[in-house]
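Enquirer: Below you'll find the structure I mean.
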Amino acid sequence: MLKVDGIDKFNDETQSLTTLITIVVCVLLILTIPLVIQKYNDCLQVLNNSKDLLYLFPQLAKGQNTSHLPILLKPIPQRLPTSLSQITGNNYIKLDISSPREIHGIAGQFIKIKGFITNNDPKHPFLGGIAYISLVDNNLKVPVDLEDWSAEKGLYIPSVNITQPIPLEWTVRLVKAGSYSVDILFNKEGSYHMPPIASSRILMEVSPKLNLNPGNVLPVAFGVPAVLIGLLGVLNYIRGKKTGVYS
Amino acid sequence: MLELYRHELFGSFYSWRGAAWIIGASLIFSLVSYLLLTDKELSLLDQGEMLFNLAEVIVALGIIMSAANASSTISSEIESGTFESLLLVPISHKQIALQKLYSIITIWIFLYIVSIPYLIVVASGTTLALAAIVYTGVYGTLLITGISLISIAISAKLKSSKNSIMTILMIVLILLAPSIFFASSLKKTNFGTILESINPMSHAVNSLDSVLVDTEQSIFQQIDHIWPIVAFTLICLLIFLVYTRRFEIKGSE
């Protein structure tokens with residue numbers, strides 16, 4: 001009898017182990033499917049890229065039209081401007097702030113930084129570029145990463161030939177209390193060797209947010225566990241009464 | 001008819017020890033929602049993101065509790081020697097497994113009801129409360145049903161609580177891995193995208209994100225996330241039906 005029990009137990013354990021191994025193998029197999037698909041996609045992509053390059057290199061060699069090519073594949077002289085004055089001549093572009101010069105807010109609040117960019121010389125067409133804001137912590141004397149502060153990092157201004165001001169606007173969330181200075185910068189497209197055009201600065205004072213009971217969270221946070229403890233206590237008492245524990 | 005279900009459920013509510021889980025869960029919800037609303041940095045999150053985080057905690061807690069509960073439901077009876085007497089009750093083997101499943105789903109429903117005030121308070125001032133309650137309920141119920149079904153099947157097959165709990169926790173961790181352990185850059189790779197596309201938990205998390213953060217609340221906008229979760233639950237049901245057709249215990253052969 002003991003021997004039979006022993007054999008049964010052994011059979012059970014073997015079966016359990018087999019099932020466990022099968023489950024682990026299945027899970028591993030499922031996990032390898034994405035890897036195989038990824039490898040397949042990568043191979044396809046590599047093959048396609050090689051085909052593109054093989055097609056493009058003869059075009060480059062023959063000096064054919066390469067305007068549709070990625071910038072790195074264009075012949076180098078086309079990327080450089082013809083004269084230095086063309087790159088540095090940016091005095092006709094002006095950045096102005098239309099928001100108040102001092103902003104006071106509470107952490108968590110949303111504010112708007114507004115400004116406009118003007119091209120004062122109609123003879124020079126606006127070549128386009130990127131306008132962005134810069135935020136500096138005045139107390140810590142460090143620039144602030146805008147990741148949490150603003151979803152709109154930079155605004156692309158397309159090439160336009162007008163002298164009217166183009167409005168710029170950023171929605172900024174005041175994340176941390178402190179004193180900050182904000183300014184708008186503009187990098188003209190293609191002018192890699194000159195400094196960005198900067199606006200005047202805005203002083204931003206952010207005071208801390210005091211949260212004691214926002215949205216009436218306190219009654220819920222303390223109330224729900226208290227109610228549950230009370231209910232279970234009553235249930236336990238009724239049960240105790242029935243079974244004679246509290247008699 | 002549902003004697004076993006009642007017995008299982010009373011075990012989870014009728015004593016301090018049995019009901020400690022619900023107080024523990026409510027304390028976790030209290031802590032999470034209080035921190036989300038009052039912490040200096042967390043309170044700066046968008047309200048939709050706060051709700052999304054709370055909904056994630058509710059679903060994840062429900063899954064872990066249900067998995068732990070269901071994975072020992074048959075094996076613990078076998079280990080303690082009470083399963084033979086349970087089989088003497090004039091109900092089918094499938095009915096035994098189903099009634100145990102109902103009790104686990106009922107426990108999730110209690111947990112979900114307890115979480116509703118927290119969802120409402122975190123959503124106060126927005127129009128997201130109803131969407132948060134509905135989608136958390138739908139995804140939680142589907143995933144918890146699926147996980148419980150497969151847990152009961154594994155528990156019946158392995159006949160060892162230790163092994164079945166370990167196996168289920170491993171499965172749960174794998175399901176939760178893309179949402180918890182993967183950085184956003186890894187999620188964007190082909191591997192991450194494909195893994196997320198076959199993972200029901202990722203679909204639930206991504207859908208909650210889409211509903212609560214991006215406010216895409218229509219069911220038609222979420223259908224791409226809903227059907228993989230339904231498919232997962234159906235696959236789990238199939239495995240459950242196969243493995244609970246007839247229970248085998250020691251010496252029955």
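Taken together, the values in this text are just the output of simple stated rules run on the coordinates, not laboratory data. Keep in mind it's a predicted model, so treat the numbers as computed, not measured. A quick note on method: Cβ atoms are made from the backbone with ideal geometry, for glycine too, and the neighbour counts reach across all protein chains shown.
Enquirer: How big is the gap, in Å, between the Cα center of region B:49-68 and the Cα center of region B:1-45?
Expert: Cα centres, region B:49-68 to region B:1-45: 11 Å.
Enquirer: Which residues does the label zone of residue B:173 cover in region B:55-93, counting backbone N under 19 Å from a point 7 Å along Cα→Cβ?
Expert: In region B:55-93, the label zone of residue B:173 (backbone N under 19 Å from the point 7 Å along Cα→Cβ) covers B:60-72.
Enquirer: Starting from the 7 Å offset along Cα-to-Cβ, what nm value, one decimal, do you get for the label separation of residue B:20 and residue A:234?
Expert: 2.4
Enquirer: At R0 = 60 Å, how high is the FRET efficiency between residue A:123 and residue B:220 if r is their beta carbon distance? Nearest 0.05 is fine. Walk me through the numbers on the way to the answer.
Expert: Numbers: r = 54 Å, r/R0 = 0.90.
After rounding to 0.05, the efficiency reads 0.65.
Enquirer: On full extension of the chain, what length is gained from residue A:227 through residue A:137, given 0.36 nm per residue of separation minus the C-alpha to C-alpha distance? Before the final figure, lay out the partial values.
Expert: On the way: separation 90, 0.36 × 90 = 32.40 nm, distance 4.65 nm.
Taking residue A:227 through residue A:137 to full extension adds about 27.8 nm, to one decimal.
Enquirer: Give me B:114, B:211, B:230, A:224 ranked fewest to most by other Cβ atoms within 10 Å of their Cβ, as a rough exposure proxy. Please list the in-between numbers first.
Expert: On the way: B:114 19, B:211 27, B:230 13, A:224 23.
Ranking B:114, B:211, B:230, A:224 by Cβ neighbours within 10 Å, fewest first, gives B:230, B:114, A:224, B:211.
Enquirer: Tally Lys and Arg at +1 and Asp and Glu at -1 over the other residues with C-beta under 13 Å from the C-beta of residue A:197: what net charge comes out? Kindly include the intermediate steps, with their values, before the conclusion.
Expert: Details: positive: A:94, A:188; negative: A:96, A:183, A:189.
For residues surrounding residue A:197, the net value is -1.
Enquirer: Taking R0 as 41 Å, what FRET efficiency do you get between residue A:30 and residue B:82 from their Cβ-Cβ distance, rounded to the nearest 0.05?
Expert: Values: r = 35 Å, r/R0 = 0.86.
According to the calculation, E is roughly 0.70.
Enquirer: How far, in nm, would the chain grow between residue A:18 and residue A:164 when pulled straight, counting 0.36 nm per residue and subtracting the alpha carbon separation? Walk me through the numbers on the way to the answer.
Expert: Values: separation 146, 0.36 × 146 = 52.56 nm, distance 7.72 nm.
Extra length available between residue A:18 and residue A:164 comes to 44.8 nm.
Enquirer: Just rank B:236, A:26, fewest to most, by other beta-carbon atoms within 10 angstrom. Can you show the working numbers first?
Expert: Values: B:236 22, A:26 10.
Fewest-to-most ranking of B:236, A:26: A:26, B:236.
Enquirer: Sticking with this one: Could you list B:80, A:199 so that the one with the fewest beta carbons within 10 Å of its beta carbon is first and the one with the most is last? Don't skip to the end; give the middle numbers.
Expert: Working: B:80 9, A:199 23.
Placing the least packed residue first, the sequence is B:80, A:199.
Enquirer: Calculate the spin-label point distance for residue A:173 paired with residue A:189, positioning each point 7 Å from the Cα along the beta-carbon direction, and give it in nanometres.
Expert: Label-label distance for residue A:189 and residue A:173, simple model: 3.1 nm.
Enquirer: Here's another thing I want to ask about it. What relative contact order, as a whole-number percentage, does region B:77-172 give when Cα pairs under 8 Å and 6 or more residues apart are counted? List each step's numbers first, then the result.
Expert: Details: 34 pairs, mean separation 30.2, N = 96.
Result for region B:77-172 is 31 percent.
Enquirer: Within region B:56-81, name every residue whose backbone N is under 13 Å away from a label modeled 7 Å from Cα of residue B:35 along the Cβ vector.
Expert: B:57-58
Enquirer: Just to check I understand the Karplus step: with θ = phi - 60° and J = 6.51 cos²θ - 1.76 cosθ + 1.60, what whole-Hz values come out for region B:76-87, glycine and proline as x?
Expert: 5, 5, 5, 5, 8, x, 9, 6, 4, 5, 5, 6
Enquirer: Next up: If you line up the long axis of helix B:93-122 against the longest principal axis of chain B, both from Cα atoms, how many degrees apart are they, to the nearest 10?
Expert: Taking the Cα atoms of chain B, the angle to B:93-122 is about 20 degrees.
Enquirer: Right, here's the next one. FRET efficiency for residue B:10 and residue A:148, Cβ-Cβ distance as r, R0 = 45 Å, nearest 0.05?
Expert: Once rounded, the FRET efficiency stands at 0.35.
Enquirer: Now a separate question. Taking a spot 7 Å from the Cα of residue B:130 along the direction of its beta carbon, which residues of region B:221-235 have an amide N less than 19 Å from it?
Expert: Only B:221-223 pass the distance filter.
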